[in-house]
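Student: Before I ask anything, here is the structure I am working with.
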Amino acid sequence: MDPIAVVRAVAIVVVAYLIGGIPWGVIVARLTGGPDPRTIGSGRTGGANVMRALGPRLALLSGILDMLKGTVAVLLARALGAGVEVEVLAGLASIVGHSRSPFLGLSGGRGVAPAFGAALVLSPPAAAATLAVFVAVLAIWRYTSLASLTGAAVGGAVFAVQIVVTGMPLPLLGYAIGAPVLVWLFHLDNIGRLMRGEERKFGTK
């Protein structure tokens, strides 16, 4: 492989990780004078916890900004012509950065928003399926974590089927499988609480 291409790929992935690590929930809290979301609820910086700390409007803003981290990461790789493999790695790196932010001592959110944002570029049908399942599960059971886990799994399955049926580049399977796996790994504590019946429902302080 061309050494320049390798260096470029590594640089893109590192930048994608740093983009993913931008703690928008904390930044929005500081800019608006609200409480740091890390001091409330689960102590995470994702949308559900920002909702508890700052309310729905600022949580929506923070969520959109977090989503754009995945979108920007993939589009950066695409704009630089780095190839599908690097686009996949950039999307995954943004998810890792979001959950293991270098700016927050390797803490952060669960990776759901940037995973969705990257999917919007890589597979709009998978992103649409993820959103539909997320909304349905949240409306019925009111567990944000359960909605996220289910949405990620279904979105990944839809993406995988799309790749096989339509002949999309096989490296995209790396994202179809990798993104849900990361989301589930970053929800392990939530999964434990769900199994014990201790998980907070949406809207619960």
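The values are calculated or read from the model by the stated rules, or taken from the named source; none is laboratory data. These numbers come from a predicted model, not from an experiment. For neighbour counting, all protein chains shown are included, and Cβ atoms are generated from backbone atoms with ideal geometry for every residue, glycine included. Remember, those area values only see protein heavy atoms, side chains included, never the ligands or the DNA or RNA. Shrake-Rupley method; radii C 1.70, N 1.55, O 1.52, S 1.80 Å.
Student: Could you please let me know if Pro56 is free of Cβ contacts under 8 Å to residues at least 12 places away in the same chain, closer than 26 Å to Asn190 by Cα and open to solvent by 50 Å² or more (accessible area, probe 1.4 Å)?
Tutor: So Pro56 passes the test.
Student: Using beta carbons and a limit of 8 Å, which pairs, at least six apart or on different chains, have the first residue in the stretch 155-175 and without any contact (Cβ under 8 Å) to a residue 60 or more places away in the chain and the second one open to solvent by 60 Å² or more (accessible area, probe 1.4 Å) and part of a helix (DSSP H, G or I)?
Tutor: Partner pairs satisfying both residue conditions: Gly156/Ile177; Val158/Pro125; Phe159/Pro125; Ala160/Ile177; Gln162/Pro125; Ile163/Leu170.
Student: Is at least one residue of the stretch 180-200 of a type in the set (Phe, Trp, Tyr), assigned to a helix (DSSP H, G or I) and open to solvent by 30 Å² or more (accessible area, probe 1.4 Å)?
Tutor: yes
Student: Determine which member of the set Ala129, Ala118 is open to solvent by 10 Å² or more (accessible area, probe 1.4 Å) and assigned to a helix (DSSP H, G or I).
Tutor: Ala129
Student: Another one. Sort through Ala136, Ala176 and tell me the only one that's open to solvent by less than 50 Å² (accessible area, probe 1.4 Å) and either in contact with a Phe, Trp or Tyr (Cβ under 7 Å, 6 or more places away or on another chain) or of a type in the set (Val, Ile, Thr) (or both).
Tutor: That would be Ala176, the only listed residue that is open to solvent by less than 50 Å² (accessible area, probe 1.4 Å) and either in contact with a Phe, Trp or Tyr (Cβ under 7 Å, 6 or more places away or on another chain) or of a type in the set (Val, Ile, Thr) (or both).
Student: Restrict the check to the stretch 25-43 and report whether at least one residue is closer than 14 Å to Val112 by Cα, open to solvent by less than 60 Å² (accessible area, probe 1.4 Å) and at pLDDT 90 or above.
Tutor: Yes, the stretch 25-43 has at least one match.
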